[in-house]
Every structure is written in structure tokens, then in C-alpha cells.
Amino acid sequence: MKEATAESKKLLAVNIKLLRKKWGFSQEKLAENIDLSAQTISDIEGCRTWVSDKTLEKLAKVFNVDIFQLFIPQDDGENRAGKKTFLYNRLTKLGTAIKDDIDKRLEQFYVSEKSLIK
């Protein structure tokens with residue numbers, strides 16, 4: 001789980017920096033817009049701190065995106081292949097998780113049906 005958290009933190013940091021620059025915000029200006037300090041923005045972008053759900057909501061609002069988009073690689077013009085790989089890997093993991101869940105539920109169903117037949 002630690003690895004996933006570190007990966008998410010890094011991805012969020014990169015995305016905030018990319019979106020901040022795309023919108024033409026300095027760290028200070030972004031901080032003003034979401035009621036944080038510039039140091040906190042620097043710490044988030046530097047992967048030194050995590051954000052609260054409230055801060056995620058504010059960031060999503062100021063960048064006009066959904067919260068989940070803060071955790072998907074942004075297309076910076078150079079990262080298309082990386083984004084496709086990331087999305088493919090996430091979808092593959094999701095597909096596997098769904099299949100495993102369905103298999104588990106079917107197994108539970110068959111076990112309960114067998115007990116009813118006896």
C-alpha cells in the first residue's frame with residue numbers, strides 16, 4: 001500500500017504543477033485561490049506532504065477538473081505514450097479485480113446453492 005500511496009503522491013504533485021503552469025498560476029497565486037500558503041503548495045508539488053479531501057476539492061475546482069483527474073497523468077504534449085500505458089495498466093488491474101470479484105461471488109453462490117439442495 002505504501003508504494004501505491006507514494007505513486008499517487010508523486011502523480012498528484014506532477015499534475016498540480018502541470019495544471020498550475022497551464023493555468024498560468026504561480027505557487028503564490030494558486031495558494032491564494034485555495035486558501036493555503038505558498039509553502040504548502042511547494043510541499044505538495046515536492047511530494048513532502050499529502051492533501052486533505054477538502055484541498056483536493058479546492059484544487060479540482062480551481063483547475064476545472066474532477067478530483068479523479070488529478071490522479072491521471074496529464075497530457076503535457078510529451079507524455080502521450082506514458083499516459084496510454086498508465087491507463088492501460090489501470091484498466092487491466094480494474095478488469096482483473098472485477099473478474100476476481102465475480103469469481104468470488106459465483107463461488108459463494110454455488111456453495112450456498114449446494115447447501116440448499118442437500
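Computed from the coordinates by the stated procedures, all read-outs in this text should not be read as laboratory data. This one's a predicted model, so the numbers in the text were calculated from it and none came from an experiment. No Cβ is skipped: glycine too gets one built from the backbone with ideal geometry, and neighbour counts run over all protein chains shown.
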Label-point separation, Lys54 to Ile72 (7 Å along Cα→Cβ), nm: 2.8 nm
Once you list every other residue whose beta carbon is under 13 Å from the beta carbon of Cys47, what net charge do they have if Lys and Arg are +1 and Asp and Glu are -1? +1
Past the 30 Å Cα-Cα mark, which pairs from Lys61/Lys104; Lys17/Lys93; Lys61/Lys99; Lys10/Lys93? Lys61/Lys104; Lys61/Lys99
Mind sorting out which of [x] 8.7; [y] 9.8; [z] 12.2 is the real mean projected area of the Cα convex hull in nm² computed from the coordinates? [y]
Under the rule of -39500 (n - 2.57) per DSSP H run of 4 or more residues, summed and divided by the residues of the chain, what mean residue ellipticity at 222 nm is obtained, to the nearest 500 deg cm²/dmol? -24500 deg cm²/dmol
